[in-house]
Amino acid sequence: MLATRAYEMKLSEENLIERIRRRIPSAEGGALQMGIGDDAAVLRAPAGADWVVTCDPFLEDVHFLTGAHPPEVVGYKALARATSDLAAMGARPEVFLLSLAIPANRTGRWLDGMLSGMARAARTFGLRLAGGDTSQPSGRNPKIALNITVIGTARRGCVLRRSGAQAGDAIFVSGQLGAAQLGLELILRGLHRQARWKDLLAPQFYPAPALQLGRWLARRGVASAAMDISDGLSTDLHRLCQASGAGARIYAEKLPCVAVPGGLASLGLEALAMALHGGEDYGLLFTVPKRLAARIPRRVVGTRLTRVGEIIRERGVVLVGADGKRAPLQPRGWDHFAKI
Ligand SMILES: [Mg+2]
């Protein structure tokens, strides 16, 4: 009996893997010498390249809400989040591995939707699926869990790091800050079902890793430090400063804050607070030596770049308000461990 059940589960796992393989780009080519179908994948880096590797969990009720995030969004966003860390290093995405825990009652339409979103993200970022595994969580209320490992390449010794910022360097951010948080605020208030706010959900649903900007910075060698803004500027800037052994001063008036439409005024959402502490924007935060800062254009491949402050010798982050008053800026962005 047990053996039969194990055999049936094995069959259904093979069926799942076949469905995943058919939907997501997984053909051998590029860095992928041998893909799905053997016991392990075989990768080959181009001459003069380093591997750049990162992994990222995407968990139901922690990182996404099944009532608010459609399955296409879950698939797209899970891969986009993981790939953003390659953008932050200035690497080119090559392959990814998917470890999927999915309850039996979600392997129908939900899985199909998730795979179509993930396939779209893979094509957009130039990723091939190299392998992975599936499992079926049991228990009274089993949850979906995606764990994604993304592997990229970078020219040998040419990755961007968090640790090189020095006093006097100019601080830049890419894109807009707080836009993903605004989408989340709509979800938390149940307003995401109203068609009029649909456009405001896009940054929350379909984040765009700054892949081209990251590679542009790595190629030019102009950035003294860089990272992606995944957990909110206040938290990530502290991390960059810590890695660099320095501090930072930023100016509230210079931040490219999300615009809150007049129709949402009654919610009392503060654009500045969302820009400082909202997570999931996945733009880049980077520093440039002062003498090179004037050479940074206002846009790179369509992405807006904004100079928001400077690195200082004293530790900690200082926010200069619109009135010129200075106050310490605490890291109040998203922190997974704070939620446990
Ligand atoms: Mg990161």
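The values are calculated or read from the model by the stated rules, or taken from the named source; none is laboratory data. The model shown is predicted, which means the values in this text are computed figures rather than measured ones. In this analysis, Cβ positions are derived from the backbone assuming ideal geometry, glycine residues included, and neighbour counts consider all displayed protein chains.
Spot the failing condition for ALA248; the list is (1) farther than 18 Å from GLU310 by Cα; (2) away from the ligand (no atom under 16 Å from the Cβ); (3) buried (at least 23 other Cβ atoms within 10 Å of the Cβ), and only one is missed.
Going through the list (1) farther than 18 Å from GLU310 by Cα; (2) away from the ligand (no atom under 16 Å from the Cβ); (3) buried (at least 23 other Cβ atoms within 10 Å of the Cβ), ALA248 breaks only (1).
Could you tell me which of the residues ASP236, ASP228, ASP199 is of a type in the set (Asp, Glu) and free of Cβ contacts under 8 Å to residues at least 24 places away in the same chain?
On the way: ASP236 fails: free of Cβ contacts under 8 Å to residues at least 24 places away in the same chain; ASP228 fails: free of Cβ contacts under 8 Å to residues at least 24 places away in the same chain.
Sole residue among the options that is of a type in the set (Asp, Glu) and free of Cβ contacts under 8 Å to residues at least 24 places away in the same chain: ASP199.
Just to be sure I understand, how many residues within the range 58-79 are within 16 Å of the ligand (Cβ to nearest atom), surrounded by fewer than 24 Cβ atoms within 10 Å (Cβ to Cβ) and touching a residue at least 60 places away in the same chain (Cβ under 8 Å)?
Total satisfying the criteria: 1.
Any idea which of ALA101, ALA167 is of a type in the set (Gly, Ala, Ser) and buried (at least 17 other Cβ atoms within 10 Å of the Cβ)?
Just a single option satisfies the conditions, and that option is ALA101.
Select from the range 293-314 the residues that are of a type in the set (A, V, I, L, M, F, W, C) and under 20 Å from the mean Cα position of the chain (by Cα) and write down the one among them that is surrounded by the most Cβ atoms within 10 Å (Cβ to Cβ).
So, considering only residues that are of a type in the set (A, V, I, L, M, F, W, C) and under 20 Å from the mean Cα position of the chain (by Cα), the one surrounded by the most Cβ atoms within 10 Å (Cβ to Cβ) is LEU305.
Report whether or not LEU127 is more than 16 Å from the ligand (Cβ to nearest atom) and in contact with a His (Cβ under 7 Å, 6 or more places away or on another chain). Outline the logic, then answer.
Working: more than 16 Å from the ligand (Cβ to nearest atom): yes; in contact with a His (Cβ under 7 Å, 6 or more places away or on another chain): no.
When the stated conditions are applied, LEU127 does not pass them.
Before we move on, is GLY48 more than 16 Å from the ligand (Cβ to nearest atom), at pLDDT 95 or above and on the phi > 0 side of the Ramachandran plot? Please lay out each step first, then the result.
Values: more than 16 Å from the ligand (Cβ to nearest atom): yes; at pLDDT 95 or above: yes; on the phi > 0 side of the Ramachandran plot: yes.
Yes: the conditions hold for GLY48.
State which residue is nearest to the ligand (Cβ to nearest atom) when the search covers only the range 80-99 and only residues that are touching an Asp or Glu at 6+ places or on another chain (Cβ under 7 Å) and within 18 Å of GLY117 (Cβ to Cβ).
Among them, the one singled out is SER84.
Within the range 212-230, can you find the residues that are within 12 Å of the ligand (Cβ to nearest atom) and surrounded by fewer than 20 Cβ atoms within 10 Å (Cβ to Cβ)?
none
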